[in-house]
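Student: Please see the structure below; I have some questions.
Computed from the coordinates by the stated procedures, all read-outs in this text should not be read as laboratory data. Treat the numbers as computed from the prediction; the structure is a model and nothing was measured. We place every Cβ from the backbone using ideal geometry, glycine too, and count neighbours over all the protein chains shown.
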Amino acid sequence: MAYVIGDNCIACGTCMSVCPVDAISEGDIYKIDPDTCISCGSCAQVCPNDAITEG
């Protein structure tokens, strides 16, 4: 199952720096491409605002 970024996202970029498959794109609120995401959980582990959950 892929991960999703919720309303707590502050677009800090921490998740992007750890994603091994570049599944996260920038924006006011970052987005995770579910087709690219390998569900490793790296992004959720480093998110300072708990904005990333399994979706």
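Student: Would you work out which of 49, 5, 34 lies farthest towards the positive end of the dipole of the chain? Charges go on Cβ: Lys and Arg +1, Asp and Glu -1.
Tutor: Result: 49.
Student: Give the list, by residue number, of cysteines in the chain with no other Cys Cβ closer than 4.7 Å, or say none.
Tutor: Lacking a cysteine Cβ partner under 4.7 Å: 9, 12, 19, 37, 40, 47.
Student: Let me ask something additional. Given the Cα-Cα distance of residue 17 and residue 29 and 0.36 nm per residue of separation, how much length would full extension add, in nm?
Tutor: Extra length from residue 17 to residue 29 when fully extended: 2.8 nm.
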